[in-house]
Amino acid sequence: MAEDLNEFIKAKALGLSTIKPDEKREFLGNFRERVAMAVTIGQLHDPRIFDLLDEVLTRYPQYRIYLNGLMNQALITQYMQQALAHDYPFTIMAQPGMRVKKTPLVNDFGWVLAHPTEKISRPILL
């Protein structure tokens, strides 16, 4: 009984333990093995990437898009509209429980294409 109580107190004080939290933060809530393609915020500003992502969404309809919720709102809207145009499922990810919103860097991922539950056998390469 005392061990259960200690575990309960530890869980409440430290929060729930998660598997590979840094990897999940980097890939917008996904494990690396579930990611088919990841695009940085800097790459999303390149006008050529929009057409490339259109082609990817057409060829790989079985995945889900994850958008970085800390990006510029105009950029989120642009890629959200692209997902809607393809009738593609998407999620805008914002880190829960963050008291301070850090400004995302150009090397942070802004657009991730991943399978929500299964490992990807062949990632999509640019």
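Specify the residue that is least open to solvent (accessible area, probe 1.4 Å); the eligible residues are those in the range 49-97 that are of a type in the set (D, E, K, R) and over 14 Å from the mean Cα position of the chain (by Cα).
Ranking the candidates gives D54 first.
Taking (1) part of a helix (DSSP H, G or I); (2) at pLDDT below 90 in turn, Q82 satisfies each apart from (2).
The residues of the range 98-109 that are modelled with pLDDT under 85 and buried (at least 16 other Cβ atoms within 10 Å of the Cβ) amount to a single one, P104.
Restricting attention to the range 44-54 and to residues that are touching a residue at least 24 places away in the same chain (Cβ under 8 Å) and not charged (D, E, K, R), the residue that is farthest from L113 (Cα to Cα) turns out to be H45.
Within the range 86-102, one or more residues are touching a residue at least 60 places away in the same chain (Cβ under 8 Å), out of contact with any Ser or Thr (no Cβ under 9 Å at 6 or more places or on another chain) and either farther than 15 Å from G29 by Cα or assigned to a loop (DSSP other than H, G, I, E, B) (or both). Can you name the residue in the range 20-43 that is part of a helix (DSSP H, G or I) and at pLDDT 90 or above and is also surrounded by the fewest Cβ atoms within 10 Å (Cβ to Cβ) among such residues? Among those residues, the one meeting the criterion is G42. Return yes when D46 is open to solvent by less than 70 Å² (accessible area, probe 1.4 Å) and over 13 Å from the mean Cα position of the chain (by Cα) and no when it is not. Yes, satisfied.
The values are calculated or read from the model by the stated rules, or taken from the named source; none is laboratory data. Worth saying up front: this structure is predicted, and the values here are computed from it rather than measured. Note that each Cβ is placed from the backbone with ideal geometry, even for glycine, and that neighbours are counted across all protein chains shown. Heads up: the accessible areas ignore ligands, DNA and RNA and are worked out on the full protein's heavy atoms, side chains in. Shrake-Rupley method; radii C 1.70, N 1.55, O 1.52, S 1.80 Å.
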